[in-house]
Amino acid sequence: MNVLNKDNYSLKLNYPLSIEYDNSAYVPMQPLPKRISVNVTGDGWTLLQKSWLNFNANPVVYRVQNPNVANFINSTTLTEQITEMFPNLHVNYVVADTFELSFEPKIRKIIPIRVDSTGIDIREGYVISSFINVSPSLISVDGPVSQIKSYPDTIKVRVPTPKIQNNYDESLPIPLPVSPLVEVSHRDVYVSFEVAQFLSAPPQQ
């Protein structure tokens, strides 16, 4: 009990960290830090209380005001925020998972979906007898400008089924690269068309 009443004890507390930014306009190009370690000094009772609260701590919120130019977490600002959270303690220093930040503007691109009709394998004696229906006919991709610019202006979907002789109605994957930084509205497309047997004209008398 006497020990807990003494001052000038130091303790390292681990807290969750939440990085806030305009996620409708920017994309983080690397994982954002999720935790910080805070080295604080104070009396034994206060440190004991804070160490217990640490298990259910609310995240420390760090707001990125201008992601266009922000390339690191301002440790001074972060220390000031934590000092406000711990008015009875002296914050010695703060250590985050990483202080580096990297953002890019987020853009959206609308891409038409088309079927590679020349590659459809129809059994001999049969023909496609209707329009080729594609649903959806447009998809959207959202992500960092450097990646979205590399996406094609039109996507062609290949029908892989050989020797088709019946009406076709299948869900096919859209050939797009997978990136954790890019949101794609659809990953599959429904393709349907009718097939009829080609009847040659009877020989003329």
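The values are calculated or read from the model by the stated rules, or taken from the named source; none is laboratory data. As the structure is a computational prediction, the values presented were derived from the model and not from experiment. All Cβ positions, glycine included, derive from the backbone under ideal geometry; neighbour counts span all protein chains shown. Ligands, DNA and RNA are excluded from the accessible area calculation, which covers all protein heavy atoms including side chains. Shrake-Rupley method; radii C 1.70, N 1.55, O 1.52, S 1.80 Å.
Some observations on this one:
- Among the residues of the range 108-121, those identified as modelled with pLDDT of 95 or more and either among the aliphatic types (A, V, I, L, M) or more than 15 Å from residue 170 (Cβ to Cβ) (or both) are 108, 109, 110, 111, 112, 113, 114, 115, 120.
- Within the range 55-65, the residues that satisfy the criterion of being in a loop (DSSP other than H, G, I, E, B) and either within 20 Å of the chain's Cα centre (by Cα) or modelled with pLDDT under 80 (or both) are 57, 58, 64.
- Count - residues of the range 64-98 that are open to solvent by 60 Å² or more (accessible area, probe 1.4 Å), hydrophobic (A, V, I, L, M, F, W, C) and closer than 21 Å to residue 144 by Cα: 2
- The number of residues in the range 135-189 being under 25 Å from residue 125 (Cα atoms) and among the aromatic types (Phe, Trp, Tyr) comes to 1.
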